[in-house]
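S.K.: Sharing a structure below in structure tokens format, with a few things to ask.
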Amino acid sequence: MRKELIYVHMAVLLFGLSGLFGKWLALPAHYIVLGRVFFGALFLLLILLILKKTLRLPRLVDYLPFILIGGVLAIHWGSFFHSIQISTVAIGLVTFATFPVFASVLEPIFFKETFQKRSFVLAIITLFGVVLLIPEFDFSNNLTQGAVWGLISAVTFAVLSMLNRKYVQHHSSLKIGFYQNVFAFFWLLPIAYATPKIQFTMMDISLLVLLGVVFTGGAHVFFIQGLRKMNVRTASIIASLEPVYGIIAAAFLLQEIPQIREWIGIVIILCAAIYASIPKKI
């Protein structure tokens, strides 16, 4: 169990540090995501081939949900990196960390389950935390814009989680990750083609390979390995540490240190997210 705990923490650390690439790469967000899903898919493909897992899905219709999920994944990561680029790593990571709260509100609607009062309370608490992150309610302010894009990232990730729950119950996590990245890549290709072309440097390509292989594919593998002997509840609570790791790294590597008011908002949002990750009945 100790080894699995280390695996999950390593995965969460890598996921948290991935936000820093939004600052290190001077590329539009959709190009960053395009590189991330391309190299991430290649890495997961290599793992699947090494493990001699079949890539084909049983029926042609089984690919349709992954097309939809890939589109949602592209929006999620695109809004996530755009949030960080126009604001700070802390704002991007913490607003994204609200996704368990959105999931707790949306799941009863999506799956026609009983709505829990605690979901409404958590949503209000989270909203208060987000307000503390925003310096002013002025959409010309880059920090406010970053918080809005971070919330879009959180909502789309909550939707992504629900789509995974609904459509992909009969496939391995590695295969799910592979097809999500593949179809996200194809969704982003027309956008990249329609926007001004970017001249990639060797540093850009190196960082994209690192982001896709280590901080996406590698993190995915670590997380799956950790879940072999760890329940999802514990893993979800550990996953709430993702913004903590990212904020600490941004403070040391980018000198981005949140103000006292922002710290209060961060703590409120993380507490709400952790509580939302705990099942109603344990």
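S.K.: So which residues in region 81-99 are among the aromatic types (Phe, Trp, Tyr), more than 11 Å from Lys23 (Cα to Cα) and in contact with a Gly (Cβ under 9 Å, 6 or more places away or on another chain)?
M.R.: Once the filter is applied, which keeps residues that are among the aromatic types (Phe, Trp, Tyr), more than 11 Å from Lys23 (Cα to Cα) and in contact with a Gly (Cβ under 9 Å, 6 or more places away or on another chain), region 81-99 yields only Phe96.
S.K.: Looking only at region 47-61, decide whether some residue is part of a helix (DSSP H, G or I), at pLDDT below 90 and within 21 Å of Phe185 (Cα to Cα).
M.R.: yes
S.K.: Next up: Only residues that are surrounded by 16 or more Cβ atoms within 10 Å (Cβ to Cβ) and charged (D, E, K, R): list them for region 172-197, please.
M.R.: Result: Lys175, single match.
S.K.: In contact with a Leu (Cβ under 9 Å, 6 or more places away or on another chain) and more than 30 Å from Ala194 (Cα to Cα): which single residue out of Phe39, Phe66, Phe81, Phe102 fits that description?
M.R.: Working: Phe39 fails: more than 30 Å from Ala194 (Cα to Cα); Phe66 fails: more than 30 Å from Ala194 (Cα to Cα); Phe81 fails: more than 30 Å from Ala194 (Cα to Cα).
From the options Phe39, Phe66, Phe81, Phe102, the qualifying one is Phe102.
S.K.: Next question. Among what's in region 158-171 and is in contact with a Leu (Cβ under 9 Å, 6 or more places away or on another chain) and part of a helix (DSSP H, G or I), pick the residue that is surrounded by the fewest Cβ atoms within 10 Å (Cβ to Cβ).
M.R.: Tyr167
S.K.: I would also like to ask the following. Name the single residue that is surrounded by the fewest Cβ atoms within 10 Å (Cβ to Cβ) among those in region 115-137 being without any contact (Cβ under 8 Å) to a residue 12 or more places away in the chain and not in a loop (DSSP other than H, G, I, E, B).
M.R.: Lys117
S.K.: Hey, another quick one. For a quick check of your reading: which helices (runs of 4 or more DSSP H) sit entirely within region 172-282 and have at least 2 residues that are at pLDDT 90 or above and of a type in the set (Gly, Ala, Ser)?
M.R.: 173-194, 202-212, 242-253
S.K.: Still on this model: I'd like the residue in region 27-75 that is among the hydroxyl-bearing types (Ser, Thr, Tyr) and touching a residue at least 24 places away in the same chain (Cβ under 8 Å) and, out of all such residues, is surrounded by the most Cβ atoms within 10 Å (Cβ to Cβ). Step through it out loud before you land on a result.
M.R.: Applying the first criterion (among the hydroxyl-bearing types (Ser, Thr, Tyr)) to region 27-75 yields 31, 54, 63.
Then keep just the ones that are touching a residue at least 24 places away in the same chain (Cβ under 8 Å); that gives 31, 63.
On the way: Tyr31: 21, Tyr63: 13.
Taking the candidates together, the pick is Tyr31.
S.K.: Among the residues of region 108-125, count how many are modelled with pLDDT of 75 or more and farther than 27 Å from Gly265 by Cα.
M.R.: 2
S.K.: Another question about this same structure. Taking region 20-48 as the search range and keeping residues that are among the aromatic types (Phe, Trp, Tyr) and within 24 Å of Ile248 (Cβ to Cβ), which one is nearest to the chain's Cα centre (by Cα)? Quick ask: steps written out before the conclusion?
M.R.: Within region 20-48, the subset among the aromatic types (Phe, Trp, Tyr) is 21, 24, 31, 38-39, 43.
Retained after the next criterion (residues that are within 24 Å of Ile248 (Cβ to Cβ)): 21, 24.
Values: Phe21: 13, Trp24: 18 Å.
The qualifying residue nearest to the chain's Cα centre (by Cα) is Phe21.
S.K.: Right, another one. Could you give me the residue pairs with C-beta distances under 6 Å whose first residue belongs to region 256-274 and is within 9 Å of Leu132 (Cα to Cα), whose second residue is at pLDDT below 85 and buried (at least 22 other Cβ atoms within 10 Å of the Cβ) wherever it lies, and which are 6+ apart or on separate chains?
M.R.: Final answer for the pair search is Glu262/Leu133; Gly265/Gly129; Gly265/Leu133.
S.K.: Here are the criteria: (1) modelled with pLDDT of 90 or more; (2) out of contact with any Asp or Glu (no Cβ under 8 Å at 6 or more places or on another chain). Tell me which single one Val89 does not satisfy.
M.R.: The one condition Val89 does not meet is (2).
Table: residues versus (1) in contact with a helix residue (DSSP H, G or I) (Cβ under 8 Å, 6 or more places away or on another chain); (2) under 17 Å from Ser79 (Cα atoms).
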site: Arg2; (1), (2): no, no
site: Tyr7; (1), (2): yes, no
site: Leu25; (1), (2): yes, yes
site: Val33; (1), (2): yes, yes
site: Lys53; (1), (2): yes, no
site: Asp62; (1), (2): no, no
site: Pro65; (1), (2): yes, no
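The values are calculated or read from the model by the stated rules, or taken from the named source; none is laboratory data. The structure displayed is predicted, hence computed values, not measured ones. For neighbour counting, all protein chains shown are included, and Cβ atoms are generated from backbone atoms with ideal geometry for every residue, glycine included.
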